[in-house]
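The structure under discussion appears below in the form of structure tokens.
The values are calculated or read from the model by the stated rules, or taken from the named source; none is laboratory data. This is a predicted model, so every value here is computed, not measured. Positions of Cβ are generated from backbone atoms using ideal geometry, with glycine treated the same way; all protein chains shown enter the neighbour counts. Keep in mind that these areas ignore ligands, DNA and RNA; they rest on the heavy atoms of the full protein, side chains included. Shrake-Rupley method; radii C 1.70, N 1.55, O 1.52, S 1.80 Å.
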2 protein chains.
Amino acid sequence: MFVKLDWLESKTRETIAHLPDEEIDIVVDALLWAETTGNSDMGIIKLAGTEPIQDVAPSGEINTTVNKCAASIHGHGHAAPYTTLLGVNKAIELAKHHGVGITGVTGIRTSTLCQTYYLEKIAAADLIGFMCSRSPAVQTGFNSIEPLFGTNPFGFSFPSNEDPFLFDPSTSSMTWYDLIVKNIQGVRLPELTALDDLGNYTCIPQKAMEGALLLRDRSQTNSMMAMTVELLAGPLVGAAFMSLEIEEDWGTFIMTIDPDILCGTQVFKQSVSDAVKIIKESKAAYGTQVRLPGEDSLRKRKEALEIKRVDIDERLLKHVGFM
Amino acid sequence: MFVKLDWLESKTRETIAHLPDEEIDIVVDALLWAETTGNSDMGIIKLAGTEPIQDVAPSGEINTTVNKCAASIHGHGHAAPYTTLLGVNKAIELAKHHGVGITGVTGIRTSTLCQTYYLEKIAAADLIGFMCSRSPAVQTGFNSIEPLFGTNPFGFSFPSNEDPFLFDPSTSSMTWYDLIVKNIQGVRLPELTALDDLGNYTCIPQKAMEGALLLRDRSQTNSMMAMTVELLAGPLVGAAFMSLEIEEDWGTFIMTIDPDILCGTQVFKQSVSDAVKIIKESKAAYGTQVRLPGEDSLRKRKEALEIKRVDIDERLLKHVGFM
């Protein structure tokens with residue numbers, strides 16, 4: 001059903017009212033980014049489920065240490081999107097000075113929500129962005145039937161003279177909150193996307209939650225991308241990895257590159273615009289269309305902001321107590 | 001058939017005898033790396049085909065310019081593996097100083113051969129490595145039926161306390177020289193891996209060479225990884241991209257990260273060792289084995305160096321004039 005963005009924002013603010021003011025603004029902004037770009041698994045459902053985004057338990061001030069072009073940020077339990085945005089801003093600042101900036105984020109207790117939310121800001125600063133996150137193990141590796149990796153999303157962003165080119169796939173067949181959404185909706189999972197706790201294929205969301213998600217395409221290459229994310233966003237930034245259980249379950253690795261250290265910003269932005277144009281004008285297979293991934297999301301967002309409304313599944317609105 | 005490594009080396013040296021001495025050593029080393037790790041599409045066949053590795057036409061000295069933590073290297077037509085190795089060494093040097101090093105390589109006329117050849121050297125220097133390369137368009141994008149991208153390989157390497165963790169998949173269903181090898185062998189291509197020049201599926205190598213290779217898994221995510229490689233190893237480093245025809249057809253992007261700027265080198269190396277152990281000891285699906293990608297290649301290489309012989313298809317040996 002279509003709901004007004006104003007109403008959605010005030011309902012969200014009520015739910016997270018116990019957070020510090022500056023954190024509320026960022027969490028609301030990131031949740032509405034998800035809903036308006038059509039990512040229902042990263043939107044208001046994150047106020048419920050296994051790791052509600054508002055479950056913060058600050059144990060101290062957010063702490064930043066810088067070493068050359070890299071920063072380590074420990075969130076000490078503050079809201080994940082707030083801490084992550086600090087990390088993104090720091091990486092932008094570092095890249096403007098050093099040409100490259102890296103931030104490792106730990107000390108958060110939930111996911112960071114859509115990575116494109118942050119990647120878009122990196123592109124807006126005329127930088128190339130890469131980020132990835134690890135989380136508690138729920139995904140198998142190649143040929144394995146037990147959880148080894150988080151859903152381990154990674155994403156890139158490239159500035160252009162039009163909309164930036166953004167994408168942020170998870171390495172798993174679906175995200176963890178996709179599973180939670182499908183469980184609430186009572187929807188059958190696609191075939192070959194999950195295992196139950198005995199290692200047998202299942203299409204039942206609840207059984208998959210007790211078992212494991214499979215890799216997006218079940219290939220060795222896919223498994224190694226999950227492993228790469230696990231290493232960059234895990235031990236490298238001081239977070240846990242694989243099935244190890246330490247307090248720092250969640251970790252994010254953020255990298256920014258200033259095109260000025262190589263071809264120059266203007267040349268690069270125009271090249272990205274040109275590349276997008278070449279793809280969109282290329283010959284499509286019969287009955288299909290050649291599209292870019294971020295395209296649909298950005299179009300949906302522009303529409304939602306224009307009509308000041310967004311389409312959300314009524315079951316999700318009820319589940320989080322908005323109705 | 002098994003051939004002696006000594007014989008293989010001297011035959012290779014004869015074929016590329018017109019190159020400068022220091023370039024011969026590197027090209028031979030990289031070709032033998034490919035053969036001993038079992039990558040026949042990156043080995044001696046590269047002395048033939050559409051872009052023979054020894055086809056160099058130096059138009060001047062190799063030129064390096066440094067800007068902050070980044071270097072741009074123009075090969076001016078010198079042998080690609082030699083120029084690329086200079087780039088890798090420069091990226092290692094930059095990372096040791098700045099924490100991160102980036103090198104863009106252009107001015108080469110052929111592929112760089114196996115990326116693991118270089119990634120292994122980055123790991124040996126206790127750095128995390130990422131590299132990717134673009135080449136003339138032979139691969140379609142998502143839903144498209146005309147060549148948009150090169151085969152666009154990318155690879156990561158992570159140092160550990162045992163063998164490094166290395167992988168370097170191409171984003172395409174196979175490499176261009178895979179196609180050349182299969183054409184020589186008269187082998188049928190796997191289904192759904194290539195199109196002919198009309199955009200119809202084909203399993204005939206020659207027809208695919210006139211048409212296009214498909215994406216590795218034909219997904220949008222895969223297409224966007226190909227696009228990412230195209231942008232990093234193309235315009236960012238000053239090389240061509242997509243179907244644009246400029247002289248700098250080939251480009252490589254190399255990045256090195258010193259774990260010392262985040263968690264510390266020793267902690268990181270031990271974590272990579274631990275992660276590899278957890279994967280290898282994880283429960284496998286019935287009748288399968290959990291493996292890491294570089295594992296087989298490194299085992300093959302160790303065996304070959306021990307017995308001082310390597311197994312090469314006789315048809316390839318004949319094709320390059322070694323027999």
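Brief remarks follow.
- Within the assembled protein chains, the solvent-accessible surface assigned to A:F142 is about 40 Å², based on a 1.4 Å probe.
- Debye intensity ratio I(q)/I(0), log10, region A:155-203, q values 0.24, 0.31 Å⁻¹ (C-alpha model): -0.91, -1.19
- Centre separation in Å (Cα based) which lies between region B:1-74 and region B:119-152: 18
- Plainly put, the tip 7 Å out from Cα toward Cβ on B:E210 is 5.8 nm from that tip on each other copy, the closest given first.
- For chain B, modelled as a GNM whose springs connect Cα atoms under 10 angstrom apart, the maximal fluctuation among B:V237, B:V276, B:V105 occurs at B:V276.
- Size descriptor for chain A, Kirkwood hydrodynamic radius: 20.3 Å (Cα pairs only, one decimal).
- Comparing mean-square fluctuations of B:C132, B:C114, B:C203 from a GNM of chain B with C-alpha springs under 10 Å, the top value falls on B:C203.
- Mean-position separation - Cα centroids, region A:180-199 and region B:179-222, in angstrom: 35
- Estimated from helices alone, the mean residue ellipticity of the protein assembly as shown at 222 nm is -12000 deg cm²/dmol (sum of -39500 (n - 2.57) over DSSP H runs with n ≥ 4, per residue).
- Our summary of shape: the Cα atoms of region B:6-128 have principal axis extents of 42, 32, 24 Å, ordered from largest down, in whole angstrom.
- In Å², nearest 10: area of A:R315 left accessible to a 1.4 Å probe: 120
- Highest mobility in the GNM of chain B, judged by mean-square fluctuation with C-alpha springs under 10 Å and restricted to B:E22, B:E210, B:E295, is found for B:E22.
- Exposure rank, largest accessible area first [A:E248, B:E93, B:E146; 1.4 Å]: B:E93, B:E146, A:E248
- Counted over chain B, the DSSP beta bridges are approximately 85% antiparallel.
- Cβ neighbours within 10 Å from other chains - mean over B:274-286: 6
- Shown for B:A57: label points 7 Å from Cα along the beta-carbon vector, and their distances to the equivalent points in the other copies, 6.9 nm in ascending order.
- When B:Y177, B:Y82, A:Y286, A:Y201 are compared by accessible area of protein heavy atoms, the largest-first order is A:Y286, A:Y201, B:Y82, B:Y177, using a 1.4 Å probe.
- Tensor-based shape of region B:199-295 (alpha-carbon gyration tensor, a/c under 1.5 rounded, otherwise prolate or oblate): oblate
- Exposure of B:I312 as accessible area (Å², to 10), given a probe of 1.4 Å and all protein chains: 10
- Mean accessible surface per residue for chain A, computed with a 1.4 Å probe while every protein chain stays in place, in Å²: 38
- Whole-angstrom gap from region A:238-258 to region B:234-253, using each part's C-alpha centre: 34
- Normalised by 2.2 N^0.38 Å, where N is the number of residues, the alpha-carbon radius of gyration of region B:103-231 equals 1.12.
- Shielding by partners for peptide A:140-152, expressed as the average number of C-beta atoms from other protein chains within 10 Å of each residue's C-beta, is 5.
- The same position B:S10 in the other copies lies at 8.8 nm from this copy, comparing label points 7 Å beyond Cα toward the beta-carbon, shortest first.
- Bins of 20 Å from zero: percent of alpha-carbon pairs in the protein assembly as shown: 19, 54, 24, 3
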